[in-house]
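The values are calculated or read from the model by the stated rules, or taken from the named source; none is laboratory data. As the structure is a computational prediction, the values presented were derived from the model and not from experiment. Quick reminder, even Gly has a Cβ in these numbers, built from the backbone with ideal geometry, and neighbours come from all protein chains shown. Surface areas here come from the heavy atoms of the whole protein model, side chains and all, with no ligands, DNA or RNA. Shrake-Rupley method; radii C 1.70, N 1.55, O 1.52, S 1.80 Å.
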Amino acid sequence: MDISTPSTTPKYSSSPIMMNPNPNSASPTTVSAISSTPSRYENQKRRDWNTFCQYLRNHKPPLSFPRCNGTHVLEFLCYLDQFGKTKVHHQTCQFFGHPKPPALCPCPLRQAWGSLDALIGRLRAAYEAHGGKPEENPFGARAVRIYLREVRDFQAKSRGVSYTKKRKRTSKQAEGNNGTTTS
């Protein structure tokens with residue numbers, strides 16, 4: 001079952017047909033276009049979806065989308081690491097924990113955590129846009145969330161940078177910082 005957008009459909013047709021990856025559905029889903037030009041986000045989401053579908057087709061053995069699960073998503077993320085541009089130092093590297101190392105080292109280039117996090121967000125949205133049920137979304141699997149958290153934490157340690165959640169400022173704190181007086 002091919003789950004990508006058929007190549008015979010015009011790029012900016014008023015009602016492109018997208019295949020529903022849900023095996024229980026017998027007919028394709030029709031989506032009406034709001035504008036003639038998709039947004040940058042929609043284009044990226046479509047490219048990411050097509051890349052993942054191509055990965056499934058090239059998988060040994062080839063996988064159909066209904067059989068895809070969080071493990072296959074993790075394999076896809078590991079596969080993408082070979083195209084990464086972020087230096088991630090090993091714990092044994094002399095530059096481990098240094099944000100700006102003074103020299104080169106043989107540590108691998110990997111996908112940055114932020115890129116992976118954004119990719120998974122787009123693929124989760126694409127899965128549901130193609131008719132998948134949110135509770136069956138393999139991109140939202142617990143294993144994927146844990147993997148992303150581990151990648152974030154390791155890359156932060158590797159570069160000596162911590163990822164901390166920013167606290168929301170209360171309105172009184174904001175007023176105190178903006179209310180400066182001059183004499």
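Average accessible surface for the range 40-159: 59 Å² per residue, computed with a 1.4 Å probe over protein heavy atoms with every protein chain in place. Among the listed pairs LYS87/LYS157; LYS45/LYS133; LYS100/LYS157; LYS60/LYS87, those whose Cα-Cα separation exceeds 21 Å are LYS60/LYS87. What is the sum of charges around GLY140, taking Lys and Arg as +1, Asp and Glu as -1, for the other residues whose C-beta is under 14 Å from the C-beta of GLY140? Net of charged neighbours comes to +2. Take every Cα-Cα distance within the range 40-159, group them into 5 Å bins from 0 onward, and report for each bin the whole-number percent of pairs it holds. With 5 Å bins starting at 0, P(r) equals 2, 10, 20, 21, 17, 12, 9, 6, 3, 1.
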